[in-house]
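Below you'll find the structure, written out as structure tokens, and then a few comments.
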Amino acid sequence: MQQLRLATLPNYASTIPDGSVRYYKFAHIWTIENFTDFFYDQGRKFIDSTNVPFPFDSTIQFYLRAFPKGLTEQTKNYID
């Protein structure tokens, strides 16, 4: 079984009641099982992860989107 692991290190800024801005950094790793199945599926342009709750604010969720064959002509041989 082939796996692809994608890591993200997003930054998040939040304004707190006193008017100051608080910055958060966190990491998320998304493992895609059987990645080659998605790569060779001609009908699929992208793969979405499940929704992931933001670790510092449960009201915020995010997801990751991967383009196995790239998003543009210049990136067609790379994952975007």
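The values are calculated or read from the model by the stated rules, or taken from the named source; none is laboratory data. Model, not experiment: these values are computed from the prediction. Heads up: the accessible areas ignore ligands, DNA and RNA and are worked out on the full protein's heavy atoms, side chains in. Shrake-Rupley method; radii C 1.70, N 1.55, O 1.52, S 1.80 Å.
Rounded to the nearest 10 Å², what accessible area does Phe46 show when all protein chains are kept and the probe is 1.4 Å?
Its accessible surface works out to 80 Å², give or take rounding.
Could you work out how much longer the chain between Glu73 and Ser58 gets when fully extended? Use 0.36 nm per residue separation minus the Cα distance between them, nm to one decimal.
1.6 nm
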